[in-house]
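Asks: The following block contains the structure, expressed as structure tokens.
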Amino acid sequence: MQPADSQPKKVLILYYSLSAQTSGLVHRLGAGLEAQGVQLACERLQPLVPRHFPIGTVPATLFLMFVTFLRTRMPIQPLSPICGEHYDLIVLAGPTWSYNPSGPVLSLLDRDGVRLFAGQQVLPLISCRGYWRMHWLSLRWQLARCGAMVVGRMIFAHPSKEPWRTIGVFLKLAGRVPERGRWLGRHYPRYGHSREQQDQAFTCGQAIGQALKRGSSLADLSFVAGPGQGSA
Ligand SMILES: Cc1cc2nc3c(=O)[nH]c(=O)nc-3n(C[C@H](O)[C@H](O)[C@H](O)COP(=O)(O)O)c2cc1C
């Protein structure tokens, strides 16, 4: 029989993503973990009523922003059985919605939070336009209430500068293509995270894999990526 230390470390990435930004980051993070020999499981939260990106119209976008500001839950499908296994670390990843965790993540915490996270090392990953602090504080509080050991944080903010970033994200959600606008496109070249941030997610996955193998703290790996270290 092999000694316990030579067993591969196991990581579960639980995530939700509407516009493919979190999913892009977690796939690179997962690749970095696997490059270090980590055994990876990935579970995407699936809302019972599927949501589509872009939302499509200005009124529908404003409406979703309003209901998400009220922390409205978005019920999700049952999790697959892989989520019931033991993991050395769970990464909980998702976007900021109106200064809060997204509706599917709130539903997950309500329904499965204690069962999944009690006594577990949990590392949240946040993908946002730039305003993540309230989301981070409430997520950390909710995870602690479920009995989780929150071991750090990975924050990715869109790299574009304000005010173009806010205008660009809103127009993108509403179904426009701001990056192709003759004037706006000069200030807002793309929606979402950059290639550099995706590479950073890969490096971060490698660093987490190494730390798990060494048995060292993950807290030193916390970081905020992007210009938008907004205070909200
Ligand atoms: C309804 C809604 C509300 C949002 N509110 C915020 C916000 O309060 N702060 C922020 O920084 N980004 C906000 N965003 C932008 C997303 O967090 C950002 O685009 C993120 O990268 C999307 O990740 P995803 O593609 O994985 O869903 C919001 C997006 C949506 C759809």
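Asks: Would you confirm, using the coordinates I've provided, whether Gly119 is at pLDDT 95 or above and either at positive phi or among the β-branched types (Val, Ile, Thr) (or both)?
Replies: Against the criterion (at pLDDT 95 or above and either at positive phi or among the β-branched types (Val, Ile, Thr) (or both)), Gly119 qualifies.
Asks: A follow-up question, please. May I ask you to verify whether Asp88 is more than 24 Å from Pro8 (Cβ to Cβ), surrounded by 13 or more Cβ atoms within 10 Å (Cβ to Cβ) and charged (D, E, K, R)?
Replies: Spelling it out, it is not the case that Asp88 is more than 24 Å from Pro8 (Cβ to Cβ), surrounded by 13 or more Cβ atoms within 10 Å (Cβ to Cβ) and charged (D, E, K, R).
Asks: Those residues that are basic (Lys, Arg) and either without any contact (Cβ under 8 Å) to a residue 40 or more places away in the chain or closer than 15 Å to Thr203 by Cβ (or both), I need them from the stretch 9-53; list them, please.
Replies: Within the stretch 9-53, Arg28, Arg44, Arg51 meet the criteria.
Asks: Which of the strands (runs of 3 or more DSSP E) contained wholly in the stretch 121-232 include at least 3 residues that are surrounded by 20 or more Cβ atoms within 10 Å (Cβ to Cβ), in the same structural domain as Tyr87 (by TED's automatic domain parsing) and without any contact (Cβ under 8 Å) to a residue 24 or more places away in the chain?
Replies: Here the list is empty.
Asks: For Tyr131, indicate whether it is within 25 Å of Arg28 (Cβ to Cβ) and either out of contact with any Pro (no Cβ under 6 Å at 6 or more places or on another chain) or more than 14 Å from the ligand (Cβ to nearest atom) (or both).
Replies: It is true that Tyr131 is within 25 Å of Arg28 (Cβ to Cβ) and either out of contact with any Pro (no Cβ under 6 Å at 6 or more places or on another chain) or more than 14 Å from the ligand (Cβ to nearest atom) (or both).
Asks: Every residue in the stretch 178-211 that is more than 24 Å from the chain's Cα centre (by Cα) and hydrophobic (A, V, I, L, M, F, W, C), please.
Replies: Passing the criteria: Trp183, Leu184.
Asks: While we're on this one: How many of the residues in the stretch 61-80 are β-branched (Val, Ile, Thr) and either in a helix (DSSP H, G or I) or within 9 Å of the ligand (Cβ to nearest atom) (or both)? First the steps, then the outcome.
Replies: So in the stretch 61-80, the residues β-branched (Val, Ile, Thr) come out as 61, 67-68, 72, 76.
Next, from what is left, pick out any that are either in a helix (DSSP H, G or I) or within 9 Å of the ligand (Cβ to nearest atom) (or both): 61, 67-68.
Summing the residues that are β-branched (Val, Ile, Thr) and either in a helix (DSSP H, G or I) or within 9 Å of the ligand (Cβ to nearest atom) (or both) in the stretch 61-80 gives 3.
Asks: Return only the number of the condition from (1) loosely packed, with under 13 Cβ neighbours inside 10 Å; (2) of a type in the set (A, V, I, L, M, F, W, C); (3) assigned to a helix (DSSP H, G or I) that Cys83 does not satisfy.
Replies: Single failed check for Cys83: (1).
Asks: Take the conditions closer than 30 Å to Asp88 by Cα and of a type in the set (Ser, Thr, Tyr) and apply them to Ser160. Does it pass?
Replies: no
Asks: Restricting attention to the stretch 13-53, which residues are within 28 Å of Pro159 (Cβ to Cβ) and more than 16 Å from the ligand (Cβ to nearest atom)?
Replies: The answer is Ala31, Gly32, Leu33, Glu34, Ala35, Gln36, Val38, Leu40.
The values are calculated or read from the model by the stated rules, or taken from the named source; none is laboratory data. Since we're looking at a predicted model, the values are computed, not measured. Note that we place each Cβ from the backbone using ideal geometry, even for glycine, and neighbour counts take in every protein chain shown.
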